[in-house]
1. From 241, 228, 290, which residue is at pLDDT 95 or above, assigned to a loop (DSSP other than H, G, I, E, B) and farther than 18 Å from residue 150 by Cβ?
2. Return the total of residues in the range 231-242 being over 19 Å from residue 185 (Cα atoms), surrounded by 11 or more Cβ atoms within 10 Å (Cβ to Cβ) and without any contact (Cβ under 8 Å) to a residue 40 or more places away in the chain.
3. Just the residues that are farther than 20 Å from residue 120 by Cα and part of a helix (DSSP H, G or I), please, taken from the range 88-100.
4. Answer yes or no as to whether residue 177 is farther than 26 Å from residue 51 by Cβ and within 15 Å of the chain's Cα centre (by Cα).
5. Among 109, 83, which is the only one that is part of a helix (DSSP H, G or I) and surrounded by fewer than 14 Cβ atoms within 10 Å (Cβ to Cβ)?
6. Could you check, for the range 273-286, whether at least one of its residues is under 29 Å from residue 126 (Cβ atoms), modelled with pLDDT of 95 or more and surrounded by fewer than 19 Cβ atoms within 10 Å (Cβ to Cβ)?
7. Of all residues in the range 54-77 being without any contact (Cβ under 8 Å) to a residue 60 or more places away in the chain and assigned to a helix (DSSP H, G or I), which is surrounded by the most Cβ atoms within 10 Å (Cβ to Cβ)?
8. Considering only the range 113-127, state which residues are touching a helix residue (DSSP H, G or I) at 6+ places or on another chain (Cβ under 7 Å) and either without any contact (Cβ under 8 Å) to a residue 60 or more places away in the chain or at negative phi (or both).
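The values are calculated or read from the model by the stated rules, or taken from the named source; none is laboratory data. What you see is a predicted model, and the numbers here were worked out from it, not measured in a lab. Positions of Cβ are generated from backbone atoms using ideal geometry, with glycine treated the same way; all protein chains shown enter the neighbour counts.
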């Protein structure tokens, strides 16, 4: 049930190919906490998730063969899990998801919080990551010092957004995480050799060109270049509890088990790496949002 008197949280989406886990689980956690949620898309039309992340089809070596594509091995492990698919099925019939607002109408003072989800498929994500109007809005939102949550490629959008006050990335001087090169490279290698070999760059939104070293266009590398120091990019330290669960990419968190998750908080900013962090990510953002709203009431 929505709590009266709250300004909504805004979740900005590309027109297509967003990651269903990162969006739907976050939406559900916020909705269950009583927070109203508004979605935004480039043109105000409902967005579409990456279909491969929902079905798991076409991710295996035989995925181009019509009959065999229904047989999923890698696909079952790589697609959104049961919790995320259930959340997505509920979200996609909600009035807020079906009636998004266009980017052109966005105003910082209308929202209490902002969520920047990810995805990786280049055809849909590049438009989202490169939208200058959206980047200006994100920059203004950070400048207003309101709660922001970014996960996976959503952190790239934040890194590309400039503060009107400083002229630098809104992440400059902040601690953050994002999709690590280790996770991105592992998924890319899997597609090249044992998965979607006819489209091996499926997990790489941007590729290196010319003399650029391998990994230069990775999420971690681009985000790190926007920071005050490369050390401000926070990956799981070796001494962390449950290091293998967090770092291997073989485990995903759930609402009952946050051990595989890695989430970084810096002030009102919350970041995470990939769909395997999304339950802890959404819970951390919901807590930050609640604290921000409570403080605003007492002022």
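1. On the way: 228 fails: farther than 18 Å from residue 150 by Cβ; 290 fails: assigned to a loop (DSSP other than H, G, I, E, B).
Step by step, each of 241, 228, 290 is checked, and only 241 is at pLDDT 95 or above, assigned to a loop (DSSP other than H, G, I, E, B) and farther than 18 Å from residue 150 by Cβ.
2. Number of matching residues: 2.
3. Residues satisfying the conditions are 89, 90, 91, 95, 96, 97, 98.
4. Details: farther than 26 Å from residue 51 by Cβ: yes; within 15 Å of the chain's Cα centre (by Cα): yes.
Yes, satisfied.
5. Details: 83 fails: surrounded by fewer than 14 Cβ atoms within 10 Å (Cβ to Cβ).
Exactly one of 109, 83 is part of a helix (DSSP H, G or I) and surrounded by fewer than 14 Cβ atoms within 10 Å (Cβ to Cβ), namely 109.
6. Filtering the range 273-286 for residues under 29 Å from residue 126 (Cβ atoms) gives 273-282, 284-285.
Those left that are additionally modelled with pLDDT of 95 or more: 273-282, 284-285.
Next, from what is left, pick out any that are surrounded by fewer than 19 Cβ atoms within 10 Å (Cβ to Cβ): none.
Looking through the range 273-286, none of the residues is under 29 Å from residue 126 (Cβ atoms), modelled with pLDDT of 95 or more and surrounded by fewer than 19 Cβ atoms within 10 Å (Cβ to Cβ).
7. Start the filter on the range 54-77 by keeping residues that are without any contact (Cβ under 8 Å) to a residue 60 or more places away in the chain, which leaves 54-57, 62, 65-73, 75-77.
Those left that are additionally assigned to a helix (DSSP H, G or I): 54-55, 68-70, 75-77.
Values: 54: 19, 55: 17, 68: 13, 69: 17, 70: 13, 75: 21, 76: 13, 77: 12.
Restricting to residues being without any contact (Cβ under 8 Å) to a residue 60 or more places away in the chain and assigned to a helix (DSSP H, G or I), the top hit is 75.
8. Kept after step one, since they are touching a helix residue (DSSP H, G or I) at 6+ places or on another chain (Cβ under 7 Å), are these residues of the range 113-127: 113-119.
113, 114, 115, 116, 117, 118 - these are the residues of the range 113-127 that are touching a helix residue (DSSP H, G or I) at 6+ places or on another chain (Cβ under 7 Å) and either without any contact (Cβ under 8 Å) to a residue 60 or more places away in the chain or at negative phi (or both).
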